[in-house]
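Asker: Got a structure here, written out as structure tokens. Questions coming.
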Amino acid sequence: MRIIGLTGQTGSGKSYVSSILAENGAYIIDADEIAHDIILKGKGAYNELIEYFGDEIKGEDGEICRKTLGNIVFSCGGEKLDFLNRCTHKYIYDEMEKEIKKAESINCHIAVIDAPLLIEGNFMNLCGEVWVVFASPEKRAERIMKRDSITYKQALDRMSRQKKWEEYKKFADVVIDNSGDNGNLKEQVYNALKAGKNNAV
């Protein structure tokens, strides 16, 4: 089975590329969905996070409030962010392995690991190739503002917290340039799928 790791900076349009791949029969493994699931009460990361951050990250229902946790981590950074990543990434990795086996069991030809932190989480180790979605900083800021209903300054702040494009590019087997229109983007995805299929023969 062909396993593609899909990543990119925030606002690059990675989710849209993922949807195009899904339309072409790919089995999508969404790292964000997995990350939401593993911190639920009774799941692997829940107790570890409560023990480290304390009850202040709990909501009224006893579940971890992701917004509160995010505010703590991104305001403090450093050790707290490192712990959050160490704690959650190991559980995400395990769930991804299960999803890959599930895709194989239903005879999928392509599985896509859609992960913003594909590189940081070492999820690349599960992939046969890495696709990185690119968009100009201006385009990204515009999309983030629209998506999250935030100001330009807030969008730039979020963008500044990520690795530079050059870091992503170093790991890319395929670069998908999402600076143009949707037609051009789809053509790039189709061509990359064909090229990979031909190389695999």
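The values are calculated or read from the model by the stated rules, or taken from the named source; none is laboratory data. Note that the structure is predicted; figures quoted are calculated from it, not measured. Here the Cβ positions follow ideal geometry from the backbone for every residue, glycine too, while neighbour counts run over all protein chains shown. Accessible surface is based on the protein model in full, side chains and every heavy atom, while ligands, DNA and RNA are left aside. Shrake-Rupley method; radii C 1.70, N 1.55, O 1.52, S 1.80 Å.
Asker: Taking Cα atoms, how many degrees apart are the long axis of helix 78-105 and the longest axis of the chain, rounded to 10 and kept between 0 and 90?
Answerer: Value to nearest ten degrees: 50.
Asker: Nearest 500 deg cm²/dmol is fine: what mean residue ellipticity at 222 nm does the chain get from its DSSP H runs of n ≥ 4 alone, each adding -39,500 (n - 2.57), divided by its residue count? It would help to have the intermediate numbers written out before the result.
Answerer: Details: 9 runs with 113 residues, N = 201.
Helices in the chain give a 222 nm mean residue ellipticity of -17500 deg cm²/dmol.
Asker: Residue by residue, what Karplus-based ³J(HN,Hα) values in Hz, rounded to whole numbers, does the range 66-76 have, using 6.51, -1.76 and 1.60 with θ = phi - 60° and x for Gly and Pro?
Answerer: So the J values, rounded to whole Hz, are 5, 5, 5, 4, x, 4, 5, 5, 7, 7, 9.
Asker: Below 8 Å, C-alpha to C-alpha, sequence gap of six or more: please give me the relative contact order for the chain in percent. Display every interim value, and only then the final one.
Answerer: Working: 251 pairs, mean separation 72.8, N = 201.
Relative contact order here is 36 percent.
Asker: Probe radius 1.4 Å, ligands and nucleic acids ignored: give me the carbon and sulfur share of the accessible area of the chain as a rounded percent. Before the final figure, lay out the partial values.
Answerer: Numbers: 5520 of 11300 Å².
Ligands and nucleic acids excluded, carbon and sulfur reach 49 percent.
Asker: Related question: Step through the residues of the range 18-23 one at a time and calculate ³J(HN,Hα) from phi using the Karplus curve (6.51 cos²θ - 1.76 cosθ + 1.60, θ = phi - 60°), rounding each to whole Hz and writing x for Gly and Pro.
Answerer: With the stated coefficients, the range 18-23 comes to 4, 5, 5, 5, 4, 4 Hz.
Asker: Give the peptides 136-147, 88-99 in descending order of average Cβ contacts within 10 Å, highest first.
Answerer: Numbers: 136-147: 16.0, 88-99: 17.7.
Ranking the peptides 136-147, 88-99 by packing returns 88-99, 136-147.
Asker: For Cα pairs less than 8 Å apart in space and 6+ apart in sequence, what is the mean separation divided by the residue count of the range 12-83, i.e. the relative contact order in percent?
Answerer: Details: 31 pairs, mean separation 10.9, N = 72.
Value for the range 12-83: 15 percent.
Asker: Please compute the per residue accessible area over the chain with all protein chains in place, 1.4 Å probe, rounded to a whole number of Å². All intermediate terms of the calculation are to be shown ahead of the outcome.
Answerer: Working: 11300 Å² over 201 residues.
Each residue of the chain exposes 56 Å² on average to a 1.4 Å probe.
Asker: Order the peptides 105-111, 47-53, 24-30 from the highest to the lowest mean number of other Cβ atoms within 10 Å of their residues.
Answerer: Details: 105-111: 13.6, 47-53: 15.1, 24-30: 18.1.
Put in order of decreasing packing, that is 24-30, 47-53, 105-111.
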